[in-house]
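J.: Got a structure for you, written out below as structure tokens; questions coming shortly.
Coordinate-derived values only; no laboratory data. Quick caveat: nothing in here was measured; it's all calculated off a predicted structure. Note: ideal-geometry Cβ built from the backbone for every residue, glycine included; neighbour counts use all protein chains shown.
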Amino acid sequence: MEIYGLVGKSGTGKSYQAMNVSKEKDIDCIIDDGLLISGTNILAGKSAKREATKVGAIKTALFINEEHRESVKQAIRKNRPGSILVLGTSEDMIHKIISRLELPPLSEMIRIESIATPQEIETATRQRKELGKHVIPVPTFQLKQHFSGYILDPLKIFKGWGLKHNVAEKSVVRPTFSYLGDFVISDKVILDIVYYMAERTGGVSSVQRVSTNSEDRGITIQIALVLEYGCQVVDTSRLLQKSVADMVERMTAFNINAVNIEVRGLK
């Protein structure tokens, strides 16, 4: 197994450049901020960007927690990657990660200054400090469960010209512990969205009750309602399910585990 290191100060664009380095050197997996990533999939781990404090984020990125560390080690043994790129803010950090995960010795250390222009590093630093943006080198759909309730933006990078071109998608995350402070989404927001979508769905007479169950990987919404007599019960319920799920995800960034609808009567 070949081990590569990508080192650079926080906010200099390491995660943004990681996929480019992996492609150029044909690297199978990336270890970034506590996550083990292969291609467009998160194989194991927990993102440091989910931690409530900066200290907690550092501990997660260094795999201090035994359960977290073991889950990534097991995933590496199971998938047997031929090469891994380890990201870190210093050479010492990269060596500590390699040691804790019991990986082979480092084959090559790559510095961010050798693969990114000064302008690219300056832009990345400004986005981190002024906007609180963090880039994770996987598509947004892969992060929904890991970052439920966080603001996610897909960032697509097009390479090549003509009819055939490669598209590499990275995701921009604004964590709740970011430099801009905390944000909280009230349960009433979910209720308001449900009532609004119900009013716009033909065949719904009234909403009697709405409740939510929040978990780390998303929320489950329970809706009890009365439908209009003569409507297609199954079709109307499915339409409301989809519209509520789509609107809540779009407006709040929550991952929706399920929208359960209970039809209590016809009117």
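J.: Under 12 Å from the Cβ of Y195, count the other residues' Cβ atoms, weight Lys and Arg +1, Asp and Glu -1, and hand me the total. Kindly include the intermediate steps, with their values, before the conclusion.
T.: Numbers: positive: K188, R200, R209; negative: D192, E199.
Around Y195, the surrounding residues sum to +1.
J.: Next up: List the aspartates and glutamates whose alpha-carbon lies under 12 Å from that of K25, not counting same-chain residues fewer than 8 positions away?
T.: E2, E108
J.: If packing is taken as the mean number of other Cβ atoms within 10 Å per residue, what is the order of 82-88, 254-260, highest first? Walk me through the intermediate numbers first.
T.: Values: 82-88: 21.6, 254-260: 18.3.
So the peptides 82-88, 254-260, ranked by packing, come out 82-88, 254-260.
J.: Continuing with this model, one more query. In the range 4-22, which residues have a backbone nitrogen under 13 Å from the label point lying 7 Å from K54's Cα in the Cα-to-Cβ direction?
T.: Taking a point 7 Å out along Cα→Cβ of K54, the residues of the range 4-22 whose backbone N falls under 13 Å are 10-11.
J.: Given R₀ = 22 Å, what would the calculated FRET efficiency be for K25 paired with M109, taking r from the Cβ atoms and rounding to 0.05?
T.: Efficiency, rounded to the nearest 0.05: 0.95.
J.: Find how many whole Å separate the alpha carbon centroid of the range 233-264 from the alpha carbon centroid of the range 12-42.
T.: 34 Å
J.: List the residues, sorted by chain then number, that are 5 or more residues from L85 or on another chain and whose placed amide H is less than 5 Å from its amide H.
T.: Amide H neighbours of L85, under 5 Å, 5+ apart: Y4, C29, I30, I31.
J.: Shifting gears a bit: So what are the ³J(HN,Hα) numbers for the range 59-66, from phi and the Karplus equation (6.51, -1.76, 1.60; θ = phi - 60°), rounded to whole Hz, Gly and Pro as x?
T.: Going residue by residue, I get 4, 5, 4, 8, 6, 5, 5, 5 Hz, with x marking Gly and Pro.
J.: Still on this model: Which residues in the range 211-240 place their backbone N less than 14 Å from a point set 7 Å from the Cα of D187 along the Cα-to-Cβ direction?
T.: Residues passing the 14 Å test: 211-215, 219-223.
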